[in-house]
Amino acid sequence: MKEYAPATIEEKWRTRWKKDHLYTVSHLKGDKKYILDMFPYPSGAGLHVGHVEGYTGTDVLSRFYRMRGFTVLHPMGWDAFGLPAENYAVKTGIHPSETTQKAIVTFTKQMQAMGFSYDWSKELGTHTPAYYRWTQWLFLILYKKGLAYRAKAQVNWCPSCKTVLANEQVVNGECERCHSLVIQKDMEQWFFRITAYAERLLQDLEKLDWPNSTKLGQIHWIGKSEGITITYTIDGSDQTIECFTTWPTNWGASFLVLAPEHHLVQKITTQSEKKAVDAYLSEVQMRSESQRIKSREKTGVFTGSYALNQVTGKKIPIWVSDFVIAHVGTGAIQGCPGHDMRDFEFAKKFNLPIPRVVVGEDGDTSEIESPEQVLEKGQTGKMMNSDFLDGMEYSAGIQKTKEYFVEKGWGKLVVNYKLRDWLVSRQRYWGAPIPMLFCDKCGWQSVADSDLPVKLPNDVDFKPTGESPLVHSQEFNKGIICPQCGGKARREADTMDTFVDSSWYYMRFADPNNAEHFADKEKLRQWLPVDMYVGGAEHTVLHLLYSRFITKVLYDEGYVTFDEPFVSLRHPGTILGPDGVRMSKSRGNVINPDDEVSKFGADTVRMYELFMGPFKDMKPWSTSGGQGLYRFLKKVWNIYSNQAFVKKSPERIEKLLHKLIQKMTKDIAALKFNTALAALMEFVNNSANQLDKSSAQIFLLLLAPFAPYITEELWETIGGPYSIHSQSWPPFDEEKTKNSTSVLAIQINGKLRATMQVESTVTEEEACHKALSIEKIQKLVQNIKTRLIYVPGKVINIVTVE
RNA sequence: GCCGCGGUGGCGGAAUUGGUAGACGCGUAGGUCUCAAAAACCUAUGGUGCAAAACAUCGUGUGGGUUCGAUUCCCACCCGCGGCACCA
């Protein structure tokens, strides 16, 4: 008997499958499933066990659905542009295309070793001109629709990466990539108008089979709030200030506050306060937004001007403070310190009046002096000191205020979104050039479609200086002519955010080599949308939001027939180190999948990754956990290579087998891989030496999606036709999954006292009679008045009655 | 602070239209085989009481509640993880 030698058989079948193009899909037959992993950034570090978990999950699914007769699109590609490769290039002087290419080779080798059934004929890389030509095309589609625009704005600037960043890429005030503190800069940049889609991005979440937490993440990020914008007149000025609020307690408004960047700050500052205001503004400028947010300490300065509170008739002072953020609402607020904690803190600090207009359930109507007395939005109480509102419920009073202000023409109802437009330009080299030209006479011009791609040049010093590296490329800037006037023009030298590259790649997989279109319309209709998308939850407000936006734009333009890209979405849980802590080089707790494969073979590693626990849960890697799966495979190997089969399996085994098929079919479809694998092991434990050959074949088919190599080898050993992965998933007979007997638990007052086996046809009367005739039960219940609760097939509970 | 997810043996985990808690695996202990070790196989394995079995009893973060019966449902709280965070 041969020993199980994973390395040998895995190499053998890998070569064979490759030669036969076993997983290549050329056209659609029957129903389709598009099963997709979030494509990786090919880093020098290679694949890690976290990647492998997700990829194994989708691979099992893909193999399962293929066996069930679906045509499965299961491609892989490379999200290759981006800062890490470029930063590495800056450090070492090696060109990013070189390091990227090397990493792609490594990744491919590792994925193939794992036995993933990707259709490599569909491979794509976002850094290839054949791909980014269409990223540029996409930019122009948005530009023509007015959805890509150039504007001067306060933007996030990473001083270390020396580029601007999107809001979504600033995490806790730090650069998502290098963790430097991000600062604010006024710059002219390219934006995508994602805010125009805010409402649809919010509404359509309902249609999606996504984890709830991910949907909520997007809902919060979009941040819809309904409120009122109130217009204030300024004493002695013809300017007006608009303040947005969702909770107008206007009889209690005792001051206004403008954000330091508000356009009226200079205009309304009086001569006498100018010096103080200027000093405050320059002080604020020294601090980054994140620093401002972190310290809750209120600062501010009086402008010298007053606004009119329409309902109290009082003049209220206008202040400037950095606790008001320019891009939130209108960048100006009405201070209602009695009923908003931030306003309260501000009023306390600067000795502003704190009127009370609500009385809470405690009946306290005294002057508000401590934070506990502040009755905020969402709390309950009754209106007071508010004219005709007095006595009304708090929330009703707020509603009434809104209506009153609208009626009087002092305000209008508005819907506000937290979402801001997507800043897509980057002052970096390793990305897709933005296909725009600038002419001094004619302004911005788009590059003609026939001139795409605008190729990324090679004669570039990629050291970041804050200016785009492409500015200095001869190759890139040679002979640029304005399409309008024929005069000299220059190219836009910024490149696009890599999230633009990844916002549409799943569409390209439908038709990755098309040179005429971003993808053939018919093929898009056939394959998209993605049926099952698997990847990390960290992309909730990045890739997953951007992709939905881009899909909707292309839908509106008639390029695609679906308006949501990912029907179902799942996130594999993070795999922690054996010490239960997130893996990191500095902790030294990183598990390298290659080491595990050389120890046990890819089949074992695949199975261990899925056996550890529920797919979506975070779970620690166990250094000995792989042993169990390896033992299991060896056991299976021994049974099959000995051909230790009986002539005919007993009926008991046949029933177990049908139950197993049923469970596997259900569990795999629900991504419950851990319990599916447990069921396979249980079956082997229970069927030792009692399998006949046809049952043995069925068992191998069930194991095949998880362990493609060993099952192919053993399938051949027992004479199955090549390839096991082209066979049909076994059906099960519902009748045979049912038991003719069942075990009933017998409880007395809810406590288990005995069990007994009964026919499943047993009547209640028979079952109860039998239970009461058990000697032990008899002893326990004699001389006690009881009643019986009977749950067929489950339990008999004997309850004492008074 | 707000939102979301979770808390079950020594460890990873299983079981929810409420019905035998601990499947499956790891680890551990004992045994078989071996000169020996590894591998493989067999047995045991939630705690406590008992020499042991039988048995009893406790047991799914804590405290209450609903129910014949609660890991599962309800209320309050504690702890851990993730996200958002002066959003007006």
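None of the figures in this text is laboratory data; all of them are computed from the coordinates on show. Nothing here was measured: the structure is a model prediction, and the numbers come from that model. Ideal geometry is used to build each Cβ from the backbone, glycine not excepted, and the neighbour counts take in all protein chains shown.
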Scoring region A:720-772 by relative contact order with C-alpha pairs under 8 Å, at least six apart, yields a percentage of 25 percent
Backbone HN-Hα couplings from phi across region A:736-748 [Karplus 6.51/-1.76/1.60, Hz, Gly and Pro as x]: 6, 8, 8, 8, 8, 10, 9, 9, 9, 8, 10, 10, 10
State to the nearest 20 debye the size of the charge dipole of region A:466-614 about its Cα centre, where the only charges are +1 on K and R beta carbons and -1 on D and E beta carbons. 240 debye
If amide H atoms are modeled at 1.01 Å from N in the peptide plane, then the residues at a separation of 5 or more from A:S305, or on another chain, having amide H under 5 Å from its own are A:T270, A:I318
When the Cα centres of region A:301-369 and region A:466-541 are compared, how far apart do they sit, in Å? 48 Å
Amide proton proximity set for A:K224, modelled H, under 5 Å, gap of 5+: A:K418
Which Cα, out of A:P433, A:L413, A:M341, lies furthest along the positive dipole direction of region A:323-443 (beta carbon charges, K/R +1, D/E -1)? A:P433
Expressed in Å to one decimal, the Kirkwood Rh of region A:605-725 from all distinct alpha-carbon pairs is 14.8 Å
What Rg and what Dmax come out for region A:2-121 when only alpha-carbon atoms are used, in angstroms? 16.6, 53
Dipole of chain A (Lys/Arg Cβ +1, Asp/Glu Cβ -1, origin at the Cα centre): which of A:G223, A:L524, A:V500 lies farthest to the positive side? A:L524
With a sphere of radius 14 Å drawn around the Cβ of A:L780, what net charge do the other residues whose Cβ falls strictly inside it have (Lys, Arg +1; Asp, Glu -1)? +4
Farthest toward the dipole's positive end in region A:136-186, which of A:L142, A:C175, A:V155, given Cβ charges of +1 (Lys, Arg) and -1 (Asp, Glu) about the Cα centre? A:L142
How big is the charge dipole of chain A about its Cα centre, in debye rounded to the nearest 20, if each Lys and Arg gets +1 on its Cβ and each Asp and Glu gets -1 on its Cβ? 1560 debye
Proximal charge balance of A:A704 [Cβ under 13 Å; K/R count +1, D/E count -1]: -1
Surpassing 20 Å at the alpha-carbon level, of the pairs A:K122/A:K455; A:K599/A:K634; A:K672/A:K736; A:K33/A:K619; A:K382/A:K418; A:K122/A:K552, are A:K122/A:K455; A:K672/A:K736; A:K33/A:K619; A:K382/A:K418; A:K122/A:K552
Classify region A:419-562: rounded, prolate or oblate, from the alpha-carbon gyration tensor (a ≥ b ≥ c, eigenvalue square roots; a/c under 1.5 rounded; otherwise prolate if a/b is larger than b/c)? prolate
What order do you get for A:R491, A:R16 when you list them from fewest to most C-beta neighbours inside 10 Å? A:R16, A:R491
Span per principal axis, largest first, for the Cα atoms of region A:361-467 (Å): 75, 34, 22
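So if I place +1 on the C-beta of Lys and Arg and -1 on the C-beta of Asp and Glu, and nothing else carries charge, what would the dipole magnitude of region A:685-777 be about its Cα centre? I want it in debye, nearest 20.
The dipole magnitude comes to about 420 debye.
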Mean projected area (nm²) from the convex hull of Cα positions in chain A is 47.2 nm²
Of all DSSP beta bridges having both residues in chain A, the percent classed as antiparallel (nearest 5) is 75 percent
